[in-house]
Amino acid sequence: MSTTLLDWYDRHAREMPWRVGPADRAAGVQPDPYRVWLSEVMLQQTTVAAVRDYFMRFTTRWPTVQALAAAPDDQVMGEWAGLGYYARARNLLKCARVVAEDHNGQFPDTYDALLQLPGIGPYTAAAISAIAFDRPETVLDGNVERVMARLYDIHDPLPGSKPVLKEKAATLTPNLRPGDYAQAVMDLGATICTPKSPACGICPLRDPCQARIAGTQSELPKKTPKKPKPTRFGHIYIAQRMDGALLLERRPDKGLLGGMLGWPGSDWSETPAEAPPFQADWRTLPRQVRHTFTHFHLVLKIWTAELPTNTIPDGLTLLTKHEFKPSDLPTVMRKAHDLWRGQ
């Protein structure tokens, strides 16, 4: 089955800016571990389409891990804005700096060594070691889980079935071309063995697929039902000075939106208390910010006021109208900005 899938990949591999295609790989072109690592971090919790432009901007601005390691935090966080899951961006910088300083700018080439780097977990370590260094590691993302569940007609629901799915995937991981194979399985899941209406008629693994034989492919993989997301509430405060300068805060490094610029505000809870950054005639906007994070929905009430001249509350930052860029804000804060501007 691995040989069959590699033959299919040689003809149908997706073109991606971070990928060395099978023809180039066969000709001796080696993947850049920096680009493999960067793409894998960016692709967590999002899609290829969403990542392409970010990846191109990052690699144009910081073409090597040393260049990224030397970049100011604000610039990197600003470029990341909109991708979400901002802990990834903080770990991205930490990892780049460890590689630059402790590994002479060279990524370790083994699974165990990669696991020691900041922000690299089992999946990412396996993906980098396989794709960048052609080591026979088993890569298990959502696409691979779906392919394995159908190929072996496994009905135990995720996430509990992950160990069994990984065991099945491991039995198919070849010693020859494991990097191409890892990408082939992911491509198969992304383009043919899709979540809905899999294209079994043109699948290279249609004959041995046990779910297709049983007619259960559209039911798999099964998943344990998720608990409903709770809703939290909060207050944010947008203050502008007569000359257009705006008052912002740098959020703590740990926690949601860590290290990002945003509007001062309250905690996010079921019953948040108002927390204006200074005394003023605050007024509320008629519309509220609504945003969804991984584990909860958020509703923010927007308050606005004029910022007096020479007033900068402790712990906050004043940006002139020329320094302030809405694109540097995380998505939830940018939504508040857009509602305020459109009031």
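Read-outs throughout are calculated quantities, based only on the coordinates presented, and are distinct from any laboratory measurement. These figures come from a predicted structure and were not determined experimentally. Virtual Cβ from ideal backbone geometry, glycine too; neighbours counted across all protein chains shown.
Observations on the model:
- Potential lengthening between Gln44 and Asp73 on full extension [0.36 nm per residue; Cα-Cα distance subtracted]: 8.4 nm
- Potential lengthening between Thr194 and Thr331 on full extension [0.36 nm per residue; Cα-Cα distance subtracted]: 46.5 nm
- Sparse-neighbour loop sites [chymotrypsin sites (Phe, Trp or Tyr not before Pro); segment 7-65; at most 15 other C-beta within 10 Å; DSSP]: none
- Take the Cα radius of gyration of segment 2-219 and divide it by 2.2 N^0.38 Å, N being the number of residues; the result is 1.04.
- Dipole of the chain [Lys/Arg +1, Asp/Glu -1 at C-beta], most positive-end residue of Ser269, Gly142, Leu205: Ser269
- Exposure rule at most 12 other beta-carbon atoms within 10 Å, DSSP loop GluC sites (Glu not before Pro): the chain longest free segment: 16-269
- Computed magnitude of the charge dipole of segment 70-219 (debye, nearest 20; Cβ of K, R +1, Cβ of D, E -1): 400
- Amide H contacts of His297 (H built 1.01 Å from N, under 5 Å, at least 5 apart or other chain): Thr231, Arg232
- Selected from Tyr181, Tyr123, Tyr152 as most flexible by GNM, with the chain as the system and alpha-carbon contacts under 10 Å: Tyr152
- Across segment 77-155, the relative contact order, built from alpha-carbon pairs under 8 Å that are at least six residues apart, equals 18 percent.
- Charge-dipole axis of segment 2-219 as Lys and Arg at +1 and Asp and Glu at -1 on Cβ define it, positive-most pick from Ser218, Thr60, Gly119: Ser218
- Residue-averaged [θ]222 nm for the chain, counting only DSSP H segments that reach four residues, each worth -39500 (n - 2.57): -11500 deg cm²/dmol
- Computed about its Cα centre, the charge dipole of the chain is approximately 1000 debye, with only Lys, Arg, Asp and Glu carrying charge at their Cβ.
- Estimated inter-spin distance, Ala87 and Thr284, nm [label 7 Å along Cα→Cβ]: 3.2
- Remark on Glu137: its backbone amide H falls under 5 Å from those of Ala130, a criterion applied only to residues 5 or more positions apart or on other chains, H modelled at 1.01 Å from N.
- For the pair Thr110 and Thr216 in one chain, pulling the backbone fully straight at 0.36 nm per residue adds 34.4 nm over the alpha carbon distance.
- Cα-based shape type of segment 231-341, given that a ≥ b ≥ c are square roots of the gyration tensor eigenvalues and the cut on a/c is 1.5: prolate
- Site-free segments of the chain were taken between trypsin sites (Lys or Arg not before Pro) in DSSP loops having at most 11 other Cβ atoms within 10 Å, sites themselves excluded; the longest one is 1-195.
- With contacts taken as Cα pairs under 8 Å at a separation of at least 6 residues, segment 191-304 carries a relative contact order of 25 percent.
- Where labels lie 7 Å past Cα in the beta-carbon direction, separation of Val299 and Thr3 in nm: 6.1
- With contacts taken as Cα pairs under 8 Å at a separation of at least 6 residues, the chain carries a relative contact order of 16 percent.
- Above-threshold pairs, the threshold being 20 Å between Cα atoms, out of Lys301/Lys335; Lys162/Lys226; Lys254/Lys325; Lys162/Lys254: Lys254/Lys325; Lys162/Lys254
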